[in-house]
Structure formats: C-alpha cells, structure tokens
Amino acid sequence: MIRRFALLLLAGVLAIAPHAAEAQLKVVTSTTDLYDIAKEVGGDRITAAHIGEGYQDPHFIEAKPSFVLQLRNADVWAFVGLDLEIGWMPLLLDGARNPKIRQGGAGYLDASTAIRVLDRPNGNVDRSMGDVHTQGNPHYWLDPENGRRIARLFQSRFSQLDPANAATYASNERAFEARLNAAEKGWQADLAAIRGKPVVAWHTSWRYFAEYNGMNIVAFMEPKPGVPPSPSHLYEVIQTVKRTGAKAIVMEPFYDRKVADLVAKQTGIKVLILPPSVGGVRGITDYIQLMQYDMAQLAAAVR
Ligand SMILES: [Zn+2]
C-alpha cells in the first residue's frame, strides 16, 4: 500500500516537473498601463510588477528601496521612455546592478520605440520649452493604436527571451487585439460625440487621446508642459474658453482642481477629472476598461 502510494507520488512529481522547471519571465514595468498590457501578452508565462500606481503623477515617482530589489531580479524592465521616468529611473537601475535590464541589455525595453512620437522638439532643446517632455510627448498609451503597438512589442521581446513560449505570446497578443477592437466598435457613438468639440486640457498628456478621438484642444492650463498656470496665463485661458465655447477642462486627479474650478466659475465650463492610467480610479483595472471609461466620460461631458 505504502509502496503503491510512493509510486503514485513519484508519477505525480514527474508529471508536474517539466512545467515547474520552466522559469517564468520576471517583468517589471514603470506604469500600470504597461503592466496590464504585459500581463495580457505574457499571461501565466510571466510574473509582473509595476513601480508607479495609476493615481500617481508618473513624472514624479519616489524611488523606494523595495523597487531596487524588484529590479535586481527582473528579466525585463519595460518603461514609457521619452524621459517620462527620467527623475527616478536612473537611481533605481543603478541601485539594481542588473546588467540584463540596463541600456544595451536584452531586457531593457523602451516602449516608446514602438510608437510615432508627437511634439518632438526640433533643433535645440532647452528648459524654456517646459520642465518636461524635452524628447517629445510621452503620454502615448492614451491612443488605443499605441496600446496595440505596445502589445506587439511585448510579444516580440518575450518571444526573443523565451522562444519556447512564443506561440502562447502570439495567441495572447491576438486575443488582446481582438478584445480591444471589439471594445472600440462599442465606443463609436462616443467618438462621434467627441469629434471636433473644443476642450481645455491641463497637461499635454491628452494630446494622443485627442489625436485618436478628434477632440479639439483649444488651450492648455499649463503654459508649458510641467509649468503650473500663472494668473496671466489663466486670464488667457478664460478668454479662449469664452471665445471657443470649450465644453470641459480635462485633467488628471493629481493636478490642482481648485485652479480649474476658478476657470469654471468664470466661464461655466465643466471640470472633468479623468484617470490617465489603469488604477487611476477605483474599478478601472485594465487598459481596455481605461480607454472605454475615459471615452464615455468625455463624451458625456461634451455632448
Ligand atoms: Zn507629461
């Protein structure tokens, strides 16, 4: 009896051994959006973690020591690039001392290499152009087409690093695109409501979103990217809102709502707080939901 049990046990161990021996790719991403898309493509073949939270300002993440430990063991470090993480990424990568994920390493994955960059400055770049975005606008994940490009980038890099699971990555990626395409069909009425409507955006983070849905950004609350609005700039914004009949001020939860309320009080414009990332508001737990939610909220505000 005992012998029979031992044999069964052995058979069980042999059956699970090949699976257990396969190491999953350890993926760390800078943002929740990259995290979600990595999970969509990687499925159970990867483990994933993210550094920033969806409700945090991605330009300013605190480089906590626990992040260094995560990066020390990572196979892939995926980040938005275009200097979005410039304030904290070098510190973490230096601390991690992991050649796999340093520039030139096989696991160093700059997602901006997959997309068409907006607002890339021509000629000499200096801080007079703003405090951030000196390499171009990094908020590209807010265009679903770029969501697809990021997914394809993950598929190709995961397949290079883990060729045994290439077929799984390919089918996961196709399934993600199919779900995104289906969701996109569902928000066509929202797109029709948004197209051409004048709006004000706080930061240039909504440029790719506008490029996709056709909303017409007539002014930014920030005079330059990363520079808070001055009284004279606010005066200009108020004049522009009055002239254009702009419908909403679109802004992230981490900017100063009181300032937007001031403009609203003078003009009657709506203040629309939209999450720029997965997890930015409760219940928005994946990329497709994020796109769906932001599109629906905006459409309702400008209809
Ligand atoms: Zn920005």
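No lab work stands behind these numbers, since they all come straight from the coordinates. Computed from a predicted model, the values in this text were never measured in an experiment. Every residue, glycine among them, receives a Cβ derived from its backbone with ideal geometry; neighbour counts consider all protein chains shown.
Spelling out what I want: for every residue of region 35-41, take phi, set θ = phi - 60°, compute 6.51 cos²θ - 1.76 cosθ + 1.60 (Karplus), and round to whole Hz; glycine and proline get x.
4, 5, 5, 4, 5, 4, 7
Are any of the pairs Lys39/Lys100; Lys39/Lys258; Lys224/Lys270; Lys26/Lys185 more than 27 Å apart by Cα-Cα distance, and if so, which?
Lys39/Lys258; Lys26/Lys185
Quick check on region 187-302: of the DSSP beta bridges with both residues there, what percent are antiparallel, nearest 5%?
10
Along the Cα→Cβ direction, 7 angstrom out, place labels at Lys185 and Asp57. What is the inter-label distance in nm?
Once both label points are built, they end up 4.2 nm from each other.
Based on DSSP H runs of at least 4 residues, each adding -39500 (n - 2.57), what is the mean residue ellipticity at 222 nm of the chain after dividing by all its residues, to the nearest 500 deg cm²/dmol?
That calculation yields -14500 deg cm²/dmol at 222 nm.
Quick check: residue separation of Ser232 and Lys64 times 0.36 nm, minus the Cα distance between them. What number comes out in nm?
Stretched out fully, the Ser232 to Lys64 stretch lengthens by 56.7 nm.
Which residues' amide hydrogens lie under 5 Å from the amide hydrogen of Ile249, considering only partners 5 or more residues apart or on another chain, with H built in the peptide plane?
Residues meeting the amide H criterion: Val200, Lys270, Val271, Leu272.
Calculate how many DSSP beta bridges within the chain are antiparallel, expressed in % of all such bridges and rounded to the nearest 5.
In the chain, approximately 5 percent of DSSP beta bridges are antiparallel ones.
Of Tyr212, Ala301, Leu262, which is farthest along the charge dipole of region 187-302 in the positive direction, counting Lys and Arg as +1 and Asp and Glu as -1 at C-beta?
Leu262
Of the listed peptides 139-150, 214-225, 256-267, what is their order by residue-averaged count of other C-beta atoms within 10 Å, with the highest listed first?
139-150, 214-225, 256-267
Treating the angle as unsigned and between 0 and 90°, give the value, to the nearest 10°, between the Cα long axis of helix 287-302 and the longest Cα principal axis of the chain.
20
Hey, rough spin-label estimate for Arg195 and Glu145, points 7 angstrom out along Cα→Cβ, what's it come to in nanometres?
In this crude label model, Arg195 to Glu145 measures out at 1.5 nm.
How big is the C-alpha Rg of region 187-302 next to the rule-of-thumb value 2.2 N^0.38 Å, as a ratio?
The value comes to 1.01.
Give the calculated FRET efficiency between Thr47 and Ala296 to the nearest 0.05, with a Förster radius of 30 Å applied to their Cβ-Cβ distance.
Plugging the Cβ-Cβ distance into 1/(1 + (r/R0)^6) gives 0.40.
Between Lys224 and Ala167, what's the calculated FRET efficiency when r is the beta-carbon distance and R0 is 51 Å? Round to 0.05.
Efficiency, rounded to the nearest 0.05: 0.60.
Could you give me the ³J(HN,Hα) list for region 259-264, computed from phi with Karplus coefficients 6.51, -1.76, 1.60 and θ = phi - 60°, whole Hz, x at Gly and Pro?
Ordered by residue, 3J(HN,Hα) equals 5, 5, 4, 4, 5, 4 Hz.
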